[in-house]
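Visitor: The following block contains the structure, expressed as structure tokens.
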Amino acid sequence: MIGTYAAAVAVCVAALALGQAALGLCGVRGWSWLSPPVGLALLCAVCWGTVRLPGDGVVSAVLVLVLVIGAVACLWGRLEGGGEALREGWPVALAALIAASLPFVVEGHFGILGTSFNPDMSQHLLATDRLAEGQGSQLLHQGYPLGPHAVVAALNKGLGIGLVQGFSGLTVAVAVLAPLTALAAFRQLPWLARSCAALVVGLAYLVASYFAQGAFKETIEALFVLAFALALREAGRGWAGLSLRFMPAALIAVGAVYAYSFPGLLWLGGTAVVWLLAELAMGRRPVEWRSAGLAVLVFLVAVAPEIGRMIDFQSFETFDPNGPGLGNLFGQISPFEALGIWPSGDFRLAPGDGAVPAAGYYLGAAFAVVLLGYGVWWCWRRRETALLSALVACAVAYAAARIGGTPYTAAKAIEIAAPIVALSILLPLAASSFGHEGGEAAAAPSSPRGGWGLGMAAAAVFVIAAGVCSLLAFANAPVGPSSYSPALTGFREDVGEGPTLVLASHQLLADEQGTPFISWEMRGGRVCIAAEGELDDPPNGVRYVVTEGSPQDPPFPGLSVERVAKPYVLWEVDHPTGGESPCPLIAVRQARQGPAR
């Protein structure tokens, strides 16, 4: 618990400090809630740029500490609106932290998020372990974006936080930073309405669902897409007079590259292109090409070291439409899930497959569609070009993934769009309910026009329904083992196809989702998994046994030590019994598809 929350606090503090300092250098004098995503983007870029230097993460940790101290020193006494921002932000941050803690509360322990939903965290842990030890990995050689992994490696080397706790803390931090970022669109509202709207946007149902399966990259990208649209919106409002008004958007795009590689630019680049065309068509103001060109130049210089790896990443197996594109899904998921009202703890289930009848899904989706339609109309009339452009980019990205990609990539496109969709629903309702009809964001909260009107009632129903669905996704998140060692997956080369018996503690198997975790670690061979003390002899045909503990304490007679890789011991059976092995073949595709829960 301490490691997870320490990592979350460290990431949040670093992101807020670095982001606000960067905005200050761009000319922003007052506090901006776009500082969290800008800071997180810089954090990913800085850590990835230094993690492979001597020390394997120590340099990253020291450099981030120095930069944060420098940022605080630069902001001290110069930042305007810091006290007001603190009053605005702490209820949102606290509520988001409580929501993100639900999986650990429900499961009764801390550990690897998403085990049994999605086993991919095992690969991220392995890649980060090797990154922190100065070694290569399959993900590294394939050009996989490792900015977030570098952040976890820096936490590991700098603060001594375990890799499992580092990833959990990073994922929790993103869940806190996303609603804080959404505050940038709702600062004109009273505190309760502002807080609820920001939480529903930042923790939309699919964002919560991807959090539940430990998919930190997708939640980071969803945050960056939301922040990019808000940065473009702000560039035409509060930052309109700044010569560097496009620089925050460029920095967010840099973070998207280091966290999500070239696919991360599809949403951001599409948003920028549509926004530029809309601005030129409407002729509201001349485009400041010098300011935009400088932002593009900074972006290109910052991502230049990653271009070769982005080229390598384009051949990654996920992008192959002819490959096993379901991943951990059961089929295509509905795009209506992006609307936020989907009363299921497992986003992969079809309407009616859970406890709620199918009619509940369709009614919720229909209600949200009507609100989204009103939101699009309102945005069009108020010339909210940045928000509309992000919506168009998200729609195009989903259509491309649905037509030319796989269900796995299409689902990610829907998740990344979810905060933008929620913002497109709630911002118009809030504006019409509280007398804010577009233009500059008010500095002080407005009062409702005429009390509880139709818009306010619709907003309240949407917030409650969408909020409950998000909480349901959080509460249903499985939490796996609290520790990790790369030794278990390292035995795959020793045992080959096995058959192999893995003996684990009863607590690991019964309480910590250990069975799917071990299956994924040992994928590629025939594997039996049993609790310690459960069997008197190895099953028929078993050639190897894996245990935790001492090599002086064999679980069965007739075993000899093959290899020791703490905390595990690999034993070889001296005289395997004949007959067909009951151990199932753990193929990669089978291991990825966890059971419904």
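Visitor: To test your reading of the geometry: what angle, between 0 and 90 degrees and rounded to tens, separates the Cα axis of helix 121-132 from the longest principal axis of the chain?
Guide: Relative to the chain, helix 121-132 is tipped by roughly 90 degrees.
Visitor: First measure r as the distance between the Cβ atoms of Asn540 and Ser560, then evaluate 1/(1 + (r/R0)^6) with R0 = 22 Å and state the FRET efficiency to the nearest 0.05.
Guide: Values: r = 19 Å, r/R0 = 0.88.
With R0 = 22 Å, the Cβ-Cβ based efficiency is 0.70.
Visitor: Can you put Glu306, Glu534, Glu562 in order, fewest other beta carbons within 10 Å first? Please report the intermediate quantities before stating the final value.
Guide: On the way: Glu306 22, Glu534 10, Glu562 18.
Ascending Cβ contact count within 10 Å gives the list Glu534, Glu562, Glu306.
Visitor: Here's another thing I want to ask about it. Which percentage, to the nearest 5, of the DSSP beta bridges contained in the chain is antiparallel?
Guide: If I count the DSSP bridges inside the chain, around 60 percent turn out antiparallel.
Visitor: Also: Pairing rule first: another cysteine's C-beta must sit under 4.7 Å. Under that rule, which cysteines of the chain stay single?
Guide: Unpaired cysteines in the chain: Cys12, Cys26, Cys44, Cys47, Cys74, Cys196, Cys379, Cys394, Cys469.
Visitor: Then there's this: Please report how far the C-alpha centroid of region 104-150 lies from that of region 334-349, rounded to the nearest whole angstrom.
Guide: Taking the Cα centre of region 334-349 as reference, the centre of region 104-150 is 26 Å away.
Visitor: Any idea what angle helix 35-50 forms with the longest principal axis of the chain, computed on alpha-carbon atoms, 0 to 90 degrees, nearest 10?
Guide: 40
Visitor: How much length, in nm to one decimal, is gained on full extension between Glu80 and Ala531, taken as 0.36 nm per residue of separation minus their Cα-Cα distance? Mind dumping the intermediate values first?
Guide: Values: separation 451, 0.36 × 451 = 162.36 nm, distance 5.90 nm.
That works out to 156.5 nm of additional length.
Visitor: With contacts defined as alpha carbon pairs under 8 Å and 6 or more residues apart, what's the relative contact order of the chain in percent?
Guide: Numbers: 1101 pairs, mean separation 107.4, N = 597.
The value is 18 percent.
Visitor: At 0.36 nm per residue, and after removing the present C-alpha to C-alpha distance, how many nm does the segment from Ala510 to Val62 gain when stretched out fully?
Guide: Values: separation 448, 0.36 × 448 = 161.28 nm, distance 4.01 nm.
Residue separation times 0.36 nm, minus the Cα-Cα distance, leaves 157.3 nm.
Visitor: Based solely on its DSSP helices, what 222 nm [θ] is calculated for the chain when runs of n ≥ 4 H residues each add -39,500 (n - 2.57) and the sum is averaged over all residues, nearest 500 deg cm²/dmol? Each step should come with its number before you reach the end.
Guide: Working: 24 runs with 349 residues, N = 597.
It lands at -19000 deg cm²/dmol.
Visitor: Starting from the Cα of Gln314, step 7 Å toward the Cβ, then list every residue of region 237-268 with an amide N under 12 Å from that point.
Guide: 262-263
Visitor: Rounded to whole Å, give me the distance from the Cα center of region 252-312 to that of region 540-585.
Guide: Centre-to-centre distance over Cα atoms comes out at 54 Å.
Visitor: Please compute the length gained on full extension between Val106 and His575, using 0.36 nm multiplied by the number of residues separating them and subtracting their Cα-Cα distance. Numbers along the way, then the final one.
Guide: Values: separation 469, 0.36 × 469 = 168.84 nm, distance 4.48 nm.
Answer, rounded to one decimal: 164.4 nm.
Visitor: Next question, about the same structure. How far apart, in nm, are the 7 Å Cα→Cβ label points at Ile403 and Leu276?
Guide: Between Ile403 and Leu276, the label points sit 2.3 nm apart.
Visitor: Which value, in nm² and rounded to one decimal, describes the direction-averaged projected area of the C-alpha convex hull of region 487-592?
Guide: On the way: hull surface 24.5 nm².
If I average the Cα hull's projected area over directions, I get 6.1 nm².
Visitor: Going by alpha carbons, how many degrees (0 to 90, nearest 10) lie between the helix axis of 191-202 and the longest principal axis of the chain?
Guide: 50
Visitor: Going by a ≥ b ≥ c, the root eigenvalues of the Cα gyration tensor, does region 2-475 fall in the rounded group (a/c under 1.5), the prolate group (a/b larger than b/c) or the oblate group?
Guide: Working: a/c = 1.37, a/b = 1.12, b/c = 1.23.
Here region 2-475 falls in the rounded category.
Visitor: Here's something else I'd like to know. Say R0 is 51 Å: what FRET efficiency, to the nearest 0.05, do Val301 and Ala350 get from their beta-carbon distance?
Guide: Values: r = 47 Å, r/R0 = 0.92.
That gives a FRET efficiency of 0.60.
Here, each number is a calculation from the coordinates, and none is a lab measurement. Remember, predicted model here, so these are calculated numbers, not experimental data. As a convention, Cβ positions derive from the backbone with ideal geometry for all residues, glycine included, and neighbour counts pool all protein chains shown.
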